[in-house]
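Below: the structure, in structure tokens.
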Amino acid sequence: MADFGIEVRNGKFLLRTGESAYACGVNAAGYLVNLHWGGRIERIEDLPEADELHRQRHRAGFLAQATRQEYPGWSNDFYDEPALLVELADGTRQCALKYQNHEIQTAADRQDLIVTLADPDYPLQVRLHYRHYAAAEVLERWTEIVNAGPAPLVLRSAQSAAWRLPRRGRQAYRLTHLAGRWGAEGQISRQPVTQGKFVMESRTGLSTSFATPFFALDEGGADEAQGRVWFGTVEWSGNWKIAVERDGFEQVSVTGGLHDFDFAWPLGPGENFCTPVFVGGFTAGGFGAASRCLHRYQRRCLLPPVQADQVLPVIFNSWACLGVDLDEARILAAADRAAEVGAELFVIDDGWQAALGDWWADPQKFPRGLTPVIEQVRQRGMDFGLWVEIESFELKSRLYREHPDWAMRFAHREPQKKVRGDVNRTSYLLNFARPEVTEYFYQALSRLIRETGIKYLKLDMNCFVSDPGWPEAAPGTERTLWVKYVRNLHDLFARLNGEFPEVLLENCAAGGGRADLAMARCFGRINRSDNQDTLDVLQLHEGFTWLNLPKLAGGGCHISDAARGMNHRFNLPHKFMAYVGMTGSLSIGKNLPKCSPEELREFRAYTDLHKEIRHISHLGELYRLASHREEPYAAFASVSEDRREAVLFAFAHSIQMGYKVPNLRLPGLNPDWLYAITNLDAGPAGRSEQARRAMTGRALAELGIGVELLGDYDAKLLHFRAQ
Ligand code: DGJ
């Protein structure tokens, strides 16, 4: 529980949570400016005056951009990235946002500061929201823009927040961000913040296909375990933009939210527009602590309550072994073996449906429907789950024949056909900005869940937005599509979640194409990547956990032959796959009926081991101890919340020249407790345990523990229990 609270005095606002603090204040000109973002400040009197901080030695006595505004509207001499750009009815394209009033709202688990800014000459208001939680040391920021006058206006850019970092002269901050592509999602990238602007963005209609809406800034020397880090993420599942800027006065800011590309939002009299949340935080404990802050925030403040404290089931998924080549006999043969190897949830992936758009069982493949299959899966002691991809419809589907106008398209141009050769499929993207489309799919999915009694639904999305037209939209509103599409999807997911809280929703977009935190409000699992090459997964998992809770890390199949596809790596041992899979939400995708009895026994040993320790790896706090980006080995540890137990996974590949892996230092345990340590082993030879010398938490953090890692694809697992 963070020690949190908001204090207000003499036009200054101080928000404290745990070890961090955030402060802003009103300057003489009436602008709300940032006063502090960093470590904890106890006395509000210690904060600088709003004017003294921002006076610059410049030939102009006053320069708006030097004021470090909390939410700068574009006007006059403001030349940094603006947070708001409006077109007013009389043609004016400027706004000056000055303090009007504020209120504080307090609930048991949270506190909100809402500061209203207003333009002195126009009836335009901006309400800045700042929210703290008792359960997580982060600050949520979002903005509401209100047209309080009788004339319409158009928003051209409406960012969620502008964050200001402390000035540090010529010493450059260092930016860490997560970038990549399909099969290489969320790779860690670094660069110094020099004068100018670096823009991270998504314009695919999805949130994390090429870049994740995330930043971490440090003073150049932070690592996993130490250093001052400012971090944040935009909670949005569509187009977003984050501009990291260093201006001529060495002022560093991060402005972000909805992308202003192709953005135009008409705001009629009395209407308001609410931006997505841009959550941020500060820690002096390095990148690892920043991730743990975000993990606590997800678990305590975002995840659906039913899922927050649950461990994830061991999943069998049909995609890697059966593809779309499905029928009742094949499914049941796989189900027999899946139960034998310890799967708890049996998932039929792509291929069961009549067509994209027609979400009932393919009558050719399942002439008796899905019911007999589901019953038999349940008789084998497993829950049942299904895959869907609702955002496209196939040209051959009944839905397309009935509603061709539901395709997203421009009026006078044929939309791009989305062609997938691997499954022989041609489709169009549906326009989910249309309320009737969303409603149709809410009805279709809720019926499917009710009729089948499934306990898991994987919602996939395999294409980017290419034709963002909406001929039926009212004049001037066509470009609201980008935002309405995402809002309607979020509403649909939230409705499903509300109606079926026990159903686990998996967030998938051709892998991790939509792994943003807005999705965490409804989804209890994420397809981290379609890339199942286990060596790659070591790096994918590292990037994934910078933002996401490790237990969410799913995907089609961890123990599977899919691992071979990406890099034609054919010799990955099952043990290596299984142990890496156990760092997240373990799944199996082997063609089990073709596996030998020895292999099946081996898989069972892994799932048994996983079930023994997943209360720690899924619900504990993550420490990334070593990175496979930097070393021939990687290590991840999880420490239970009560610190009584921990597990440590260590992996190695291409150990050369007799290299001895250094001791792995394990922080996070109680320094004064003595821990019993056990090597837990499972493999082709079955299961074994080997006790090691007990050590204190202090010694484990200071001296570390030796783990012998040799050769290729080595994998070790250690368990720690307070005595
Ligand atoms: C992409 C997903 O990421 C895969 O896991 C699988 O569901 C396929 N789509 C099915 O088409």
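Within segment 595-670, report the trypsin sites (Lys or Arg not before Pro) that DSSP leaves as loop and that have at most 16 other Cβ atoms within 10 Å. Present the calculation step by step, with values, prior to reporting the outcome.
Details: sites: Arg601, Arg604, Lys611, Arg614, Arg624, Arg629, Arg643, Arg644, Lys660, Arg665; in loops: Arg629, Arg643, Arg644, Lys660, Arg665.
Those that pass, being in a loop and sparsely packed, are Arg629, Arg644, Lys660.
Would you please calculate the Kirkwood hydrodynamic radius of segment 145-208 over all C-alpha pairs and express it in Å, rounded to one decimal?
Numbers: mean 1/r = 0.0633 Å⁻¹.
The Cα-based Kirkwood calculation yields 15.8 Å.
Evaluate the Debye formula for segment 133-276 with equal point scatterers sitting on the alpha carbons, no solvent, and hand back log10 of I(q)/I(0) at q = 0.11, 0.21 Å⁻¹, in q order, two decimals.
-0.48, -1.31
Please rank Val377, Val465, Val277, fewest neighbouring Cβ atoms within 10 Å first, as an exposure proxy.
On the way: Val377 27, Val465 19, Val277 22.
Ascending Cβ contact count within 10 Å gives the list Val465, Val277, Val377.
Out of the chymotrypsin sites (Phe, Trp or Tyr not before Pro) in segment 552-640, which ones are loop residues according to DSSP with at most 14 other C-beta atoms within 10 Å?
Passing sites in segment 552-640 are Phe570.
Specify whether the C-alpha gyration tensor of segment 632-707 places it in the rounded, prolate or oblate class, a ≥ b ≥ c being the square roots of the eigenvalues: rounded for a/c under 1.5, otherwise prolate if a/b is larger than b/c and oblate if not.
Working: a/c = 1.98, a/b = 1.35, b/c = 1.47.
Here segment 632-707 falls in the oblate category.
Give me Asp218, Asp112, Asp516, Asp422 sorted ascending by neighbouring Cβ count inside 10 Å, so fewest comes first. The partial results should precede the final answer.
Numbers: Asp218 20, Asp112 15, Asp516 28, Asp422 8.
Final ranking by Cβ density, sparse to dense: Asp422, Asp112, Asp218, Asp516.
For q = 0.24, 0.25 Å⁻¹, what log10 I(q)/I(0) does segment 355-450 give under the Debye formula with an equal point scatterer on each alpha carbon and no solvent?
Ignoring solvent entirely, the Cα scatterers give -1.31, -1.37.
If each residue's Cβ is checked for other Cβ atoms within 10 Å, how do Glu641, Glu630, Glu344 rank with the fewest at the top?
Values: Glu641 12, Glu630 8, Glu344 17.
Starting with the residue having the fewest Cβ neighbours, the order is Glu630, Glu641, Glu344.
Which of Thr116, Tyr133, Leu178 sits closest to the plus end of the dipole of segment 67-218, meaning its Cα is farthest towards the positive end, when Lys and Arg get +1 and Asp and Glu get -1 on the C-beta?
Looking along the dipole axis, the top candidate is Leu178.
Can you give me the Kirkwood hydrodynamic radius for the chain, using every pair of distinct Cα atoms, in Å to one decimal?
Numbers: mean 1/r = 0.0371 Å⁻¹.
Every distinct Cα pair counted, the radius reaches 27.0 Å.
Any number yet on Rg/Rh for segment 234-326, C-alpha, Kirkwood? Let's see the in-between values first.
Working: Rg = 20.2 Å, Rh = 18.1 Å.
Looking at segment 234-326, the ratio lands at 1.12.
Kindly flag which residue pairs out of Lys241/Lys417; Lys455/Lys594; Lys241/Lys575; Lys197/Lys458 have an alpha-carbon separation exceeding 29 Å in this structure. Numbers along the way, then the final one.
Details: Lys241/Lys417 27 Å; Lys455/Lys594 27 Å; Lys241/Lys575 41 Å; Lys197/Lys458 38 Å.
The answer is Lys241/Lys575; Lys197/Lys458.
Taking a quarter of the surface of the Cα convex hull of segment 302-414, what do you get in nm²? Mind showing how you got there, number by number?
Numbers: hull surface 39.7 nm².
It is 9.9 nm².
Just the Cα atoms of segment 68-206, one point each, no solvent: what log10 I(q)/I(0) does Debye give at q = 0.09, 0.17, 0.19 Å⁻¹?
Cα-only, vacuum Debye calculation for segment 68-206: -0.39, -1.13, -1.21.
Return the whole-Å distance between the Cα centroid of segment 618-684 and the Cα centroid of segment 688-723.
Here the answer is 7 Å between Cα centres.
Subtracting the Cα-Cα distance from 0.36 nm times the residue separation, let me have the gained length for Arg167 to Asn567 in nm, one decimal. Mind showing how you got there, number by number?
On the way: separation 400, 0.36 × 400 = 144.00 nm, distance 4.50 nm.
Length difference between fully extended and current span is 139.5 nm.
Only Lys, Arg, Asp and Glu count, each charged at its Cβ (+1, +1, -1, -1), so figure out the dipole size of the chain about its Cα centre, rounded to 20 debye. If you can, show how the numbers build up before the last one.
Working: 82 positive and 91 negative charges, 163 e Å.
Roughly 780 debye, rounded to the nearest 20.
Could you state the number of Å between the C-alpha centres of segment 387-454 and segment 163-214?
Their Cα centres are 33 Å away from one another.
Answer with one residue from Gly285, Val154, Val199: the one whose Cα lies farthest towards the positive end of the charge dipole of the chain, charges on Cβ with Lys, Arg +1 and Asp, Glu -1.
Of the candidates, Gly285 comes out farthest on the positive side.
Bear in mind these aren't lab numbers, they're just calculated from the coordinates by the rules spelled out. What you see is a predicted model, and the numbers here were worked out from it, not measured in a lab. Here the Cβ is made from the backbone with ideal geometry for all residues, glycine too, and neighbour counts use every protein chain on show.
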